[in-house]
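Participant: Dropping a structure here in structure tokens format, bear with me for questions.
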Ligand code: UFG
């Protein structure tokens with residue numbers, strides 16, 4: 001298993017994974033429609049690895065164009081990142097989210113079948129657990145109704161992959177449920193580069209740190225958590241990328257479908273993130289307490305012991321490491337990647 005199709009391979013997690021694949025002797029074939037990423041990311045991957053991976057500017061919903069990629073490259077396995085991911089936007093534009101995320105996944109799976117590619121690793125999310133009834137979350141906890149269409153697409157795609165594995169004994173899949181990916185490549189060349197005002201905590205804090213945004217709004221301080229602010233399991237994107245390389249190794253011997261939480265196993269509150277950021281960077285983050293965000297849960301963190309046991313992987317970087325790297329990226333790319 002060597003040549004890996006990476007859909008969404010220029011995105012925040014995809015680009016970091018492409019780098020880890022190259023470092024580990026794989027040959028990534030990157031597909032990205034540049035909807036939420038920049039072509040300059042490819043140059044930066046080359047700068048960092050001295051390898052320019054094969055790249056196709058293709059939308060995974062475009063079966064004809066993606067067919068050409070499968071035809072021109074002997075693909076051994078797929079890592080499927082491509083998809084829309086903004087929770088609030090998915091509530092406003094459900095049809096866009098269902099169409100894009102489901103169709104692209106179905107097209108990828110159909111082409112895998114046609115070209116005898118048997119293994120897929122899918123970017124799923126902790127969001128499939130819905131409102132947790134106990135913590136930490138383990139993989140056997142029930143998948144529950146999501147609070148938004150984005151989350152529903154993750155649940156549905158997981159199900160589609162499971163059904164396909166039931167229908168085809170040669171087909172295998174690994175569902176990776178990410179908790180909260182943060183941080184950036186330590187070089188500062190790659191990182192999270194959202195369009196417009198960030199929805200997520202870490203890019204928001206980074207933009208406050210460089211003065212692009214005025215202050216952080218802490219969404220709720222009356223949750224049943226130690227300091228009243230929301231608790232999440234923040235995982236450094238480099239650790240997360242390495243988790244995909246570990247999953248590829250597991251895919252070689254796997255039969256059917258398996259699922260792994262990728263997190264750190266530790267919960268950190270919003271105010272703890274602010275403190276960690278200030279400690280790591282020396283920059284003060286002004287904040288005000290704002291109302292809760294609709295749909296937010298109080299706490300969410302993973303039990304990652306299955307990944308440790310079976311993938312021989314665990315997160316080693318800290319929230320402070322991630323804050324330092326995110327700030328470094330933001331300073332080097334104040335207006336995002338050009
Ligand atoms: N938060 C703030 N202020 C902000 C942004 C976020 O206080 O400006 C708080 C949130 O209320 C939450 C925490 O910071 O308590 C983390 O929020 P993020 O938006 O960074 O992350 P979420 O946990 O809401 O979302 C993440 C992923 C989603 C996924 C979801 C559930 O980004 O893709 O986890 O698994 F669906």
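The values are calculated or read from the model by the stated rules, or taken from the named source; none is laboratory data. For clarity, every value in this text was computed on a predicted model and none was experimentally measured. Quick reminder, even Gly has a Cβ in these numbers, built from the backbone with ideal geometry, and neighbours come from all protein chains shown.
Participant: May I ask you to verify whether residue 205 is under 23 Å from the mean Cα position of the chain (by Cα), assigned to a helix (DSSP H, G or I), surrounded by fewer than 23 Cβ atoms within 10 Å (Cβ to Cβ) and at pLDDT 95 or above?
Facilitator: Answer is no for this residue.
Participant: Okay, next question. Given (1) in a helix (DSSP H, G or I); (2) over 20 Å from the mean Cα position of the chain (by Cα); (3) farther than 25 Å from residue 255 by Cα, identify the lone condition not met by residue 110.
Facilitator: Here residue 110 meets the rest and fails (3).
Participant: If I go through segment 59-79 residue by residue, how many of them are farther than 22 Å from residue 241 by Cβ, part of a loop (DSSP other than H, G, I, E, B) and in contact with a helix residue (DSSP H, G or I) (Cβ under 6 Å, 6 or more places away or on another chain)?
Facilitator: 1
Participant: In addition: Which of the residues that make up segment 90-107 are within 20 Å of residue 4 (Cβ to Cβ) and within 17 Å of the chain's Cα centre (by Cα)?
Facilitator: If the condition is that a residue be within 20 Å of residue 4 (Cβ to Cβ) and within 17 Å of the chain's Cα centre (by Cα), then 104, 105 are the ones that fit.
Participant: Moving to a separate point now. Right, residue 222: at pLDDT 95 or above, under 23 Å from residue 87 (Cβ atoms), part of a loop (DSSP other than H, G, I, E, B) and within 16 Å of the ligand (Cβ to nearest atom) or not?
Facilitator: Against the criterion (at pLDDT 95 or above, under 23 Å from residue 87 (Cβ atoms), part of a loop (DSSP other than H, G, I, E, B) and within 16 Å of the ligand (Cβ to nearest atom)), residue 222 qualifies.
Participant: Of all residues in segment 97-114, which are under 14 Å from residue 62 (Cβ atoms) and touching a helix residue (DSSP H, G or I) at 6+ places or on another chain (Cβ under 6 Å)?
Facilitator: Correct list: 105, 107, 111.
Participant: I've got another one for you. Of everything in segment 22-58, what is over 25 Å from residue 115 (Cβ atoms) and out of contact with any helix residue (DSSP H, G or I) (no Cβ under 8 Å at 6 or more places or on another chain)? Give them in sequence order.
Facilitator: If the condition is that a residue be over 25 Å from residue 115 (Cβ atoms) and out of contact with any helix residue (DSSP H, G or I) (no Cβ under 8 Å at 6 or more places or on another chain), then 36, 38, 39, 40, 43, 46, 47, 50 are the ones that fit.
Participant: Give the residues of segment 141-188 that are touching a helix residue (DSSP H, G or I) at 6+ places or on another chain (Cβ under 9 Å), more than 25 Å from residue 201 (Cα to Cα) and more than 16 Å from the ligand (Cβ to nearest atom), sorted by residue number.
Facilitator: If the condition is that a residue be touching a helix residue (DSSP H, G or I) at 6+ places or on another chain (Cβ under 9 Å), more than 25 Å from residue 201 (Cα to Cα) and more than 16 Å from the ligand (Cβ to nearest atom), then 160, 161, 164, 168, 171, 172, 173, 174 are the ones that fit.
Participant: As an exercise: evaluate residue 157 against (1) surrounded by fewer than 20 Cβ atoms within 10 Å (Cβ to Cβ); (2) under 27 Å from residue 65 (Cβ atoms) and give the number of the one condition it does not meet.
Facilitator: Residue 157 satisfies every listed condition except (1).
Participant: Can you tell me which residue among 104, 124 is within 16 Å of the ligand (Cβ to nearest atom), in contact (Cβ under 8 Å) with a residue 60 or more places away in the chain and either surrounded by 15 or more Cβ atoms within 10 Å (Cβ to Cβ) or assigned to a helix (DSSP H, G or I) (or both)?
Facilitator: 124
Participant: Only one residue in 119, 130, 191 is buried (at least 21 other Cβ atoms within 10 Å of the Cβ) and either within 16 Å of the ligand (Cβ to nearest atom) or more than 25 Å from residue 71 (Cβ to Cβ) (or both). Which one?
Facilitator: Sole residue among the options that is buried (at least 21 other Cβ atoms within 10 Å of the Cβ) and either within 16 Å of the ligand (Cβ to nearest atom) or more than 25 Å from residue 71 (Cβ to Cβ) (or both): 191.
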